[in-house]
Protein chains: 2
Amino acid sequence: MKSNNKSRSIPIIAFLFMFMIIGCKAQATTVHVDKKTVSAGDHPKLILTKAGVESIRQELGKVPLFDTSLKNVKEDVDKEIAQGIDTPIPKDFSGGYTHLRHKQNFLTLKMAGILYQLLEDEKYAVYVRDMLFQYEAMYKDLPVHPKERSYARGKLFWQCLNDSNWLVYVSQAYDCVYDYLSQKEREQLEKNLFRPFADFISIENPQFYNRVHNHSTWGNAAVGMIGLVMNDDELIQRALYGIKDAKIDIQAKDNDGGLIYTEGKAGFLANVDDPFSPEGYYTEGPYYQRYAMYPFLIFAQGLHNVRPDIKIFEYKDSVLLKSVNALINLSDADGEFFPLNDGQKGMSYYSREVITAVDISYKFGGKNPQLLSIAEKQGHVLLDDSGLAVAIGIREGKAKPFVKKSINLTDGSDGKQGGVGILRYGNEDLTLVFKYAAQGLSHGHYDKLSFSMFEKGDELLQDYGLARFVNIGQKGGGNYLKENQSYAKQSIAHNTLIQNEVSHFKGEYEIGSKHHSELYFFDTANSEVQVVSTIEKNAYPGTEIHRTMAMIKSANFEKPFVLDIMKIKSDSENQYDLPFHFMGQMIEVNFENTAPATLNVLGKDNGYQHLWLEGQGKPVSDNAKLLWLNAGKFYTLTSTVNKTDEFLFTRIGANDPDFNLRRDAAFIIRRKKSKNTIFVSVIEPHGSYSTVSELALNSNSNIAEVKVRYDDENYTALTIEDVEGNLQLFILSNEDASQTKEHKLKIDDKEYRWTGPYHYSNLNK
Amino acid sequence: MKSNNKSRSIPIIAFLFMFMIIGCKAQATTVHVDKKTVSAGDHPKLILTKAGVESIRQELGKVPLFDTSLKNVKEDVDKEIAQGIDTPIPKDFSGGYTHLRHKQNFLTLKMAGILYQLLEDEKYAVYVRDMLFQYEAMYKDLPVHPKERSYARGKLFWQCLNDSNWLVYVSQAYDCVYDYLSQKEREQLEKNLFRPFADFISIENPQFYNRVHNHSTWGNAAVGMIGLVMNDDELIQRALYGIKDAKIDIQAKDNDGGLIYTEGKAGFLANVDDPFSPEGYYTEGPYYQRYAMYPFLIFAQGLHNVRPDIKIFEYKDSVLLKSVNALINLSDADGEFFPLNDGQKGMSYYSREVITAVDISYKFGGKNPQLLSIAEKQGHVLLDDSGLAVAIGIREGKAKPFVKKSINLTDGSDGKQGGVGILRYGNEDLTLVFKYAAQGLSHGHYDKLSFSMFEKGDELLQDYGLARFVNIGQKGGGNYLKENQSYAKQSIAHNTLIQNEVSHFKGEYEIGSKHHSELYFFDTANSEVQVVSTIEKNAYPGTEIHRTMAMIKSANFEKPFVLDIMKIKSDSENQYDLPFHFMGQMIEVNFENTAPATLNVLGKDNGYQHLWLEGQGKPVSDNAKLLWLNAGKFYTLTSTVNKTDEFLFTRIGANDPDFNLRRDAAFIIRRKKSKNTIFVSVIEPHGSYSTVSELALNSNSNIAEVKVRYDDENYTALTIEDVEGNLQLFILSNEDASQTKEHKLKIDDKEYRWTGPYHYSNLNK
């Protein structure tokens, strides 16, 4: 890490300061501050508490996970201290040096503050104080950041968002050294640094601060936390309720294309109210839920400690605590979050934000022993009361496995704006993620009724995620790339239906934000036949898409499979594309694939301009079959097709001279000139392959034929015939999802009777 | 696993047989067999020995790794026994049911035989006997396998090779139940099954049996092992020395295009003599070395036990034992073998063949404690004397880490046909695999002076490996695909020089087999500057390629880097392509990349017909820079270029309608109309990226410029300047590789003096 000359000279000055301060200290602790109730001597109180610190000191050396975490943090901080303080003049985007340095600084400040409290070693307080004064000296005259891209430029960073990150962390550091500093020092810091900092990210940037958005949550928490430390009620009120009468342009958009104006809703409580559904699903998706988790929970912990009267953890039926459970359920077997909407693949519950979330929700949410097993995997706890509670719980052997089950997470603050249905079989042996949610604010993608699938931690059918290399400077400053808009957000980048090569809602945020899909039913009562069924009426006006996905485990099949019924009603003739973004290597198809001599782009826009047409084929039977191999497992897609359907193999990469997109494949079933139609597919995991034993086990599909047996407005019936000739029958009631409704239907002269929205039976030979 | 009706009926018959046999047993054990020295009662003797079995029985329950291995094997065998015996009529290729079933059978037979000996539970002997008789009943009238593709069709399998596998394993099973069977049973089995089986794969298929080739090694071992069990000296002689006066067509080729005739060299000893270099490098490469390891070592163990007079483990200066050390050194940090020549990626020292090799070479090769750490990782030992020795060694805490160092493995039976130079830094932090070997028989690729690189277990610049999905039936029966010849073997599929878009030796096996590259020098005395330098004069007649690669760790660089000097002398004007098959995502280049509107193939043949031209650029400075990200690590290639050079981004996939090839990328520097020329490149690993912390550390190249300072027939000198302005100088003597030769050279008015083939110095500011 580089260090400029300025920073190298600091320690000597700091050394002189230190003597002055130590000399003043006795006096400082007795002086009463000119504020309502606060007196030096009652800190720390925000995240660490005086009582908590006492307990921790007594347990030091006796709680393995806490001790390890402390040791690791101490090593990191000692390394930073040895390197000297550097607070460079801000100039870079996310991937650049000044950005990374200031980010490292706030992380280190917080940790150093904690170490001072826990280890009672003054060098950490000195370090915090010295760096704070370096920031204080710089901040007074600091202009807004020179990079002009953001709708809300920060001062230390290119956007207010990162400045808010800084204050959330630094508030905690300040709280830890508050009593160590003299009154004069505190006044100087508060007057020149903290108060103007809080004002800048709020009053001076209402377009950033006064929204319902993860950005604003960080801003609110930042203002609130420094307010709690400073006992500044005005800041606390501003944090909880936003800025009254802030002037915001109703048409203005942020850098992601999201509308800024949120109808007067603002402040931390509004941010808890609005984006969280009653089960704790966060409308932007798990990647941003993870990101927002930190300010939500750390500020909540601060409020709980300093302002218990607000009862923040009980707010909205304890949604903050529930959201941690929801978030963990939005991960695959490796703990990686499903990349719904703008989500970076590989982000997981091992991130520092989720460590925070797990510890706090364990301590303040009834000590759920399943959270302890997540904390064990994380291998790190917070160095505060909540982390201690977790580490002690683990020490005492209370941890239980976190069991992820099938779950329907509604979207919308009232839980009435669609949702995300997750079907799981066994111990995450197979996971289906089915999205029928609201737009997801500015980070939303245009992918109504899309799905992705995982076998354990491996994606077999992917959601592309975001087109961004977060914090990698060479790629557009580490920010969103234009391909995020031109490809990743578009419908064709997802496993959903695309009509006439246009994205849902024409890819327009204003339209998409008005609508959400509707749940038809979600039924996981029978673990061997779990069904989610949803309807989308607005993505393409005049067209209704009804998609039903069932995860079925049949005794005749080695593994569970997923049945996908995509029923379309339209008042016009359209071209329908049904893509399957399979991961891995194509092994076999049941039709002739023609590889072109030159590769052409598949289309002009809406994401199609990024796809090369790598192969083409036509049906040779009533089913299309595609078999592929991924991560040592085989998968077969079997789809009912019409004679005139076209099969397209595509690969991402066209119009991408900077290689901003991954070169991933897809298989698309294209049906032209159709009004009402139906696609029925089975996605069937089977077998395995090892490059070490070189054994290919069960490498063939077990399905002989998928056939639609009946299809009208009221009912759709189909059979899945396996290679032994056994039949499975699935009938869906298209018009009545009632669990108690009785149905009867005659198919091929045989009458079937059942109750509820679907019928499933095994017609074995 | 399927089971046919025939197999289901077997157990009842077997049950009846069992009583008959038990009734006969006392008599059988006293009858002397009509052969020279053998009597019932002296088995097992081949791999298990009577004394060994006694020791093992005494240690059961006391040696954890042995006990676990036994438990796992018992579970597997019990599962097979419960399923019933199935010996289907052969019909499938590698990936098909009959192939897999017969393969599973021979593996199970061997294990069941061992279990009978160790556990003294007769059910295992009954199982072996019953299955052997089922094979006996079938084999008598069995025609050659219906699949006609092989140059040497087997009976149970589509090629004699797999039939030989069967006999190698089944000999061991027979040895274990030999004393259990009656004389009559043995005679029946030997007369109708084993002897005809051995004759079929040898006398009836001399084109398979009488070669120097891994196929023949299996054949030799199979014949020899059954000969040892049956005490049939004729078979033993045939195994050791081949078939005298076998008629083989001198022009005939095998399915891989390899010449069959090997100038009268044949038999097991010839197969030890010829393909192994003195250090134990096997000329076909590590993938086939691993495969051949099993028959080499298991037959050697058998010979050692039954015919100690042959002193097989001392043969050719103990080359069989040395080869195990060489093989382990041909793996990356994850234990995966470098995919030189035809090699399937992912094959590793966890394979059963290497478990065998490690155990046997530990027991019979001086008990090297470093082998114990490999065995610990393997987590499994052989259920015989050698496995017991390993498990006891581990129990006693004798294991030491296996330290892989830089190593030069010569090729050719006399060690004079080129070789493979491996440079390593640290604990496999960086590994360079540099190939200047002989052709490698029929599995050889046309890639003189090619290289690949690994950071720990991750390839950053790849060797494509083979184009085959071993045992995956849907892909050409699991056999070699035509793309192996049309792409994977071609020079362009490797990181080496291609002249005029033609592969080395025109891609012709007959020419390639006549030549090998020459070592100029290999010097790893200084761990901070390790150099391998080699020359190729025959790949392109009239052109000499001298490639020098140095792995350098400079204090000014975070990680070691590799310097690549490719110096070309030619008597004609040519086009030179220098490809870098980088793995992962391109992050940045220092030139404008133009992405075409349609993708065209790069060339007509020699592998070029499989490459799409994905992008093109021209130099904007004296260096081309390419920065990419792979598996969380950054890499930069910095190459000196001429103004008229062209940069090509390619992607595999053209003319591949069956998706037999991976869609991997390459960056090619193309220089047209050049005679003598030089390419100097630095491959620089740096930094890291985590999708969890989202920190991009050290994501920029540390190199400001690579510059050729001097270049003539005698010397090449270059400097590497880092971003701080520090210079590193590297001078190569092009004509004299002597370690004692004194040199002097004036560059830019400064004279440098040194001794030996190269000079390296740091000219720090």
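The values are calculated or read from the model by the stated rules, or taken from the named source; none is laboratory data. None of the values given here were measured: they were computed from a predicted structure. We place every Cβ from the backbone using ideal geometry, glycine too, and count neighbours over all the protein chains shown.
Miscellaneous remarks
- Exactly one residue out of A:TRP158, A:TRP166 is in a loop (DSSP other than H, G, I, E, B) and crowded, with 24+ Cβ neighbours inside 10 Å: that is A:TRP158.
- Wholly within the stretch B:305-389, helices (runs of 4 or more DSSP H) carrying at least 2 residues that are away from every other protein chain (no Cβ under 14 Å), closer than 18 Å to B:VAL403 by Cβ and in contact with a Gly (Cβ under 6 Å, 6 or more places away or on another chain): B:315-329
- Among the residues of the stretch A:26-57, those that are at pLDDT below 95 and part of a loop (DSSP other than H, G, I, E, B) comprise A:VAL31, A:VAL33, A:ASP34, A:LYS35, A:LYS36, A:THR37, A:VAL38, A:ALA40, A:GLY41, A:ASP42.
- Condition met for A:VAL708 (part of a loop (DSSP other than H, G, I, E, B), farther than 30 Å from A:PRO596 by Cα and of a type in the set (A, V, I, L, M, F, W, C)): no
- Unmet criterion (only one of (1) within 14 Å of chain B (Cβ to nearest Cβ); (2) at negative phi) for A:TYR520: (1)
- In the stretch B:348-363, the condition of being of a type in the set (A, V, I, L, M, F, W, C), within 30 Å of B:SER554 (Cα to Cα) and modelled with pLDDT of 95 or more is met by no residue.
- Among the residues of the stretch B:222-246, just one is of a type outside the set (S, T, N, Q), in a helix (DSSP H, G or I) and without any contact (Cβ under 8 Å) to a residue 24 or more places away in the chain, namely B:GLU234.
- Members of the stretch A:740-753 that are under 17 Å from A:PHE521 (Cβ atoms) and surrounded by 15 or more Cβ atoms within 10 Å (Cβ to Cβ): A:HIS743
- Test: residue in the stretch A:687-707 that is touching a Lys or Arg at 6+ places or on another chain (Cβ under 6 Å) and either assigned by TED's automatic domain parsing to the domain that holds A:ASP749 or surrounded by fewer than 20 Cβ atoms within 10 Å (Cβ to Cβ) (or both): yes
- Matching residues, the stretch A:416-432, being over 18 Å from the mean Cα position of the chain (by Cα) and at positive phi: A:GLY426, A:GLU428
- Tabulated pairs, the stretch B:82-104, first over 17 Å from B:VAL144 (Cβ atoms), second β-branched (Val, Ile, Thr) and part of a loop (DSSP other than H, G, I, E, B), C-beta under 7 angstrom, 6+ apart or interchain: B:GLY95/B:ILE472
- Residues that are in a helix (DSSP H, G or I) and outside the structural domain of A:LEU481 (by TED's automatic domain parsing) are absent from the stretch A:247-263.
- Leading residue by the ranking (surrounded by the most Cβ atoms within 10 Å (Cβ to Cβ)) among those in the stretch B:708-739 that are over 30 Å from A:LYS475 (Cα atoms) and of a type in the set (Ser, Thr, Tyr): B:THR716
- Evaluation of A:GLU187 against the conditions (1) among the charged types (D, E, K, R); (2) in contact with an Asp or Glu (Cβ under 9 Å, 6 or more places away or on another chain); (3) surrounded by 22 or more Cβ atoms within 10 Å (Cβ to Cβ) shows that the sole unmet condition is (3).
- Complete set of residues in the stretch A:616-648 that are within 20 Å of B:ALA654 (Cβ to Cβ) and facing chain B (nearest Cβ under 8 Å): none
- Residues that are touching a residue at least 24 places away in the same chain (Cβ under 8 Å), closer than 30 Å to B:HIS443 by Cβ and either in a helix (DSSP H, G or I) or of a type outside the set (Lys, Arg) (or both) do not occur anywhere in the stretch B:112-129.
- Pairs, first at positive phi in the stretch A:493-508, second in a helix (DSSP H, G or I) and aliphatic (A, V, I, L, M), C-beta under 7 Å, six or more apart: A:PHE505/A:ILE511
Results for (1) of a type in the set (Val, Ile, Thr); (2) more than 28 Å from the chain's Cα centre (by Cα), shown as yes or no for each residue.
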site	(1), (2)
A:PHE557	no, yes
A:LEU563	no, no
A:ILE568	yes, yes
A:ASN574	no, yes
A:LEU578	no, no
A:PHE582	no, no
A:VAL589	yes, yes
A:ASN600	no, yes
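- Here B:ALA292, B:ALA266 are screened, and the one residue that is outside any loop (DSSP other than H, G, I, E, B) and surrounded by 23 or more Cβ atoms within 10 Å (Cβ to Cβ) is B:ALA292.
The rows are residues; the columns are (1) among the charged types (D, E, K, R); (2) within 17 Å of B:ASN165 (Cβ to Cβ); (3) more than 28 Å from the chain's Cα centre (by Cα).
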| residue | (1), (2), (3) |
| --- | --- |
| B:PRO64 | no, no, yes |
| B:GLU75 | yes, no, yes |
| B:ASP86 | yes, no, yes |
| B:SER94 | no, yes, no |
| B:LYS103 | yes, yes, no |
| B:GLY113 | no, yes, yes |
| B:LEU119 | no, no, yes |
| B:TYR127 | no, no, yes |
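- If the condition is being in a strand (DSSP E or B) and over 22 Å from the mean Cα position of the chain (by Cα), then the stretch B:497-516 contributes B:ILE498, B:GLN499, B:VAL502.
- Residues in the stretch A:517-528 include none that are closer than 30 Å to A:PRO146 by Cα and more than 23 Å from the chain's Cα centre (by Cα).
- Selection within the stretch A:687-716: residues that are of a type in the set (D, E, K, R) and within 30 Å of A:SER733 (Cα to Cα). The member of this set that is nearest to the other protein chains (Cβ to nearest Cβ) is A:GLU705.
- For the residues B:LYS435, B:LYS475, B:LYS448, the requirement of being over 16 Å from the mean Cα position of the chain (by Cα), away from chain A (no Cβ under 14 Å) and among the charged types (D, E, K, R) singles out B:LYS448.
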